[in-house]
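As structure tokens, the structure follows; a few thoughts come after it.
The values are calculated or read from the model by the stated rules, or taken from the named source; none is laboratory data. Keep in mind that this is a model prediction, so the values were computed, not measured. Positions of Cβ are generated from backbone atoms using ideal geometry, with glycine treated the same way; all protein chains shown enter the neighbour counts.
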Amino acid sequence: MNRLTTLTTLTTALLTVAVIGFPATSAELRIGMQDDADVLDPAQSRTFVGRIVYTAMCDKLVDISQEMKIVPQLATAWNWSADGKTLTMKLREGVKFHDGTPFNAQAVVATIERNMTLPESRRKSELASVENVEASGEYEVKFTLKSPDVTLLAQLSDRAGMIVSPKAAAELGANFGNHPVCAGPFKFVERIQQDRIVLEKFQDYWNKDQVFLDKITYLPIPDTTVRLANLRAGDLDMAERISASDAASVKSDPDLAYADVIGPGYMALYVNIDNGPLADNPFGKDKRLRQAFSLSIDREAISQIVFEGTAMAGNQPFPPSSPWFNKALPVPARDVEKAKALMKEAGHETYEIELQHANNTTQTQMMQVIQSMAAEAGFNVKLKATEFATLLSEQTAGNYVFSRSDWSGRIDPDGNIHQFITCKGGINDVKYCNPEVDKLLNDARASTDDAVRKEKYDAAGLILNDDMPIVYLGHQPYAYAIDKSVSGFAPSPDGMIRLVGVKNED
Amino acid sequence: MPVYIAKRLLVAIPTLLIISIFVFSLQKLLPGDPILAMAGEERDPATLAFLREKYRLNDPVIMQYFHWLGGILTGDFGISLRTNQPVLELIGQKLPVTIQLAMMAMFFALAIGIPMGILAAVWKNTAIDYFANFVALCGLSLPNFWLGIMLILLVSVNLGWLPASGYESIFVDPVRSIKTTLMPAFVLGTGLAAQIMRHTRSSMLGVLSADYIRTARAKGLSPWTIVMSHSFRNALLPIVTMSALLFGELLAGAVLTEQIFTIPGFGKLIVDAVFNRDYAVVQGVVLCTAIGFILMNLVADILYVLLNPRLRVNL
């Protein structure tokens, strides 16, 4: 018995030392995320949460400001040639990668070429307009384009423009994601899949005086209730994408702060216009039916009911808060009478249609609201809840008549519209094809003058609003709940969590 | 005994082969394209074609199956489509987590179920029996996800006693490891405790009415000795074997519990893999689970023989 007591005492003492032994001085930030990131290689990854991690780990050539403007990061200045086919960038000097390799024009060329040629790369279409990239000086690179493409800057503000250590990329090849080496404020420490990703402050970061955190831990906690419970229990300092139904309780909690911003993406209904035999139905062929459906929806009510007022009603690929929003096409009010008249004109008293959507709570709720709204205009909507991966492949394969899906959005307007609606667009699942729209969108892509671009998008928007291959519904916010000990955080419209300047006085 | 074990293991081989065919083909019947799920917003046809080729998704299904099976025989379970990590490495990371969770859950199940079962049997048809049955019924009928969230709100948010979710390895920080797994293990254990309680009760009732117990009573032994030494030992037999089999149920329950408490174990791995159509991971995990289940069955049979000498004659 005596021996047992001694053993117990010893174990307890050891454990106590182990528990109190950790220094409590370092500033750590624990962020609860909705999903786990996929492979941590900017060339290969595809998830939204992966981009959040990169924001702390991998600096890009250019960044996005709170006003959605392109601002310097690793490139300090840039200019377009008169014909819009050459982009020259001046690079920041004195920057190092996490492995100590110096950052220079050669590193930029190596990364961009890697993004364009690595067989596993998912950045190829983003850089499709690039003919070649070369070092025109130690700290200057020149992009030569196949055709003018102003959207390239926006692409370089995301994964395609994240410069990785050429040494690590050459050594690790396609396995770079197991130990990513970039030039951001925090460097990779460890990752346990589905559990955590840990980063620590990079002591040689070019802007290290503005970095006040020593360690960042990203914890994927998919359930929003549990994510928020962790924050309330003090196990997290920040939770991203909290659900709209929790917004009110976060606002009323004295220990928490609430922040949100409307994202650049959209929620929409896709109509099968010409994607396989299932497109052969009146709804796919007669735009009056689609217009009637759109008119039967009260977009503002959806924002209020389903999103507790946190979402923004919309009718275009760009949110009304965006400078690219066409003010000549305001978000329409609900008009059931007009919808009925349009249906009658198209020869239908009632119309039965199957609508597929992802089987999560918010979407299901939203679709049920739409179902009952459309019913008043005479649409008998049959909802088909589908698991997301299936929905995606059904939509691509044309196995749908009417499908609900979202787009996370891009900073450049081109990224929200071109590939969805041009005849050869990579994600044109509706298979809408209109040469006039193609021309307008291609012209918008080629001009470096924002006023000219806006004119083109406005003109294309008018046609699309009439043909209505995609029924835009609104725009979701990025909502955060943050512990009051955290200061200096401002939500970015791209949903990324920027940590330079953020403090945690816990 | 070794011959018996060897025989049983040999019989397991065809079972595993059939399971492997099932796992593989059911998976292929799922709608949804893994490459599209993987490529996300990238739709460059060359990239998609490359990925399809790399993961052999262009081969006939039969060829894919044999390639996969051949790999497994040489210890190669393939590579996760989602994170590029070898499946075996993933399983190696996740399996200890779930085993820890399962063992702690089993501890709760036995610690609650057996005493309650004994009490209910000894005081049959009294308030104690009714109470034990009521608790068992609650344990069986309260859904894990509900109980889990309620516990998080009470224990973590309101009382601040335990972390709300997450996991720490027992080798890195044992105290935190126990703290993080306590609630999920309890949630997982309650359902099993109910089953164990019911089995213990009926098994004890059978033994308590046996002749030798009456003899023991007549000899004037204390009630405690009669219950613990004479009855419980004999009643234990079916409970031990059942507990071994319940491990299978624990794995199934872990799928849900791990989701709620964000424990990076087997259950969470398989759910995420199914949603991402990460074929290699799903196949590897299901196959491992099947192997585990077959082994637990074997353990149950061996335990049965060890505890009951009368059965050894037939070996």
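Counting only helices (runs of 4 or more DSSP H) that sit completely within segment B:210-309, those holding 3 or more residues that are in contact with a Gly (Cβ under 9 Å, 6 or more places away or on another chain) and over 29 Å from B:LEU29 (Cα atoms) correspond to B:233-261.
Yes or no, residue by residue, for (1) more than 25 Å from A:VAL198 (Cα to Cα); (2) at pLDDT 80 or above; (3) part of a helix (DSSP H, G or I); (4) more than 17 Å from the chain's Cα centre (by Cα):
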| residue | (1), (2), (3), (4) |
| --- | --- |
| A:ALA24 | no, no, no, yes |
| A:LEU29 | no, yes, no, yes |
| A:ASP36 | no, yes, no, no |
| A:THR55 | no, yes, yes, no |
| A:VAL71 | yes, yes, no, yes |
| A:ALA77 | yes, yes, no, yes |
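Just to verify a result, which residue in segment A:272-321, among those that are assigned to a helix (DSSP H, G or I) and of a type in the set (D, E, K, R), is surrounded by the most Cβ atoms within 10 Å (Cβ to Cβ)? The qualifying residue surrounded by the most Cβ atoms within 10 Å (Cβ to Cβ) is A:ARG290. Residues that are in a loop (DSSP other than H, G, I, E, B) and either among the charged types (D, E, K, R) or touching a residue at least 12 places away in the same chain (Cβ under 8 Å) (or both) within segment B:140-168 comprise B:LEU142, B:LEU162, B:PRO163, B:ALA164, B:SER165, B:GLY166, B:TYR167, B:GLU168, listed in sequence order.
Counting only residues that are small (Gly, Ala, Ser) and touching a Gly at 6+ places or on another chain (Cβ under 9 Å), segment A:461-480 holds 1 of them. Specify which of the listed residues (A:ILE197, A:ILE112, A:ILE192) is surrounded by 22 or more Cβ atoms within 10 Å (Cβ to Cβ), out of contact with any Asp or Glu (no Cβ under 7 Å at 6 or more places or on another chain) and farther than 28 Å from A:THR86 by Cβ. The conditions single out A:ILE197.
Note on segment A:323-406: enclosed helices (runs of 4 or more DSSP H) holding 3 or more residues that are more than 14 Å from every other protein chain (Cβ to nearest Cβ) are A:336-345, A:361-377. Look at segment A:473-497: where a residue is surrounded by fewer than 21 Cβ atoms within 10 Å (Cβ to Cβ) and a partner is basic (Lys, Arg), sitting 6+ places away or on another chain with Cβ atoms under 6 Å, you get A:SER487/A:LYS503; A:GLY488/A:LYS503; A:SER492/A:ARG498. Of everything in segment A:212-234 that is of a type outside the set (S, T, N, Q) and surrounded by fewer than 20 Cβ atoms within 10 Å (Cβ to Cβ), the residue that is farthest from the other protein chains (Cβ to nearest Cβ) is A:PHE212. Only one entry in B:GLY92, B:GLY75 is small (Gly, Ala, Ser) and either surrounded by 15 or more Cβ atoms within 10 Å (Cβ to Cβ) or within 14 Å of chain A (Cβ to nearest Cβ) (or both), namely B:GLY92.
Just give me the residues in segment A:194-211 being of a type outside the set (Ser, Thr, Tyr) and either within 12 Å of chain B (Cβ to nearest Cβ) or part of a loop (DSSP other than H, G, I, E, B) (or both), in sequence order.
A:GLN194, A:ASP195, A:ARG196, A:ILE197, A:PHE202, A:GLN203, A:ASP204, A:TRP206, A:ASN207, A:VAL211
If you go through segment B:281-293 and pick out every residue that is surrounded by 24 or more Cβ atoms within 10 Å (Cβ to Cβ) and either small (Gly, Ala, Ser) or within 11 Å of another protein chain (Cβ to nearest Cβ) (or both), you end up with 2.
Might you let me know whether segment A:218-230 holds any residue that is more than 18 Å from B:ILE152 (Cα to Cα) and modelled with pLDDT of 95 or more? Yes: segment A:218-230 contains one or more residues that are more than 18 Å from B:ILE152 (Cα to Cα) and modelled with pLDDT of 95 or more.
Residues in segment A:138-156 include none that are touching a residue at least 12 places away in the same chain (Cβ under 8 Å), aliphatic (A, V, I, L, M), surrounded by fewer than 21 Cβ atoms within 10 Å (Cβ to Cβ) and not in a strand (DSSP E or B).
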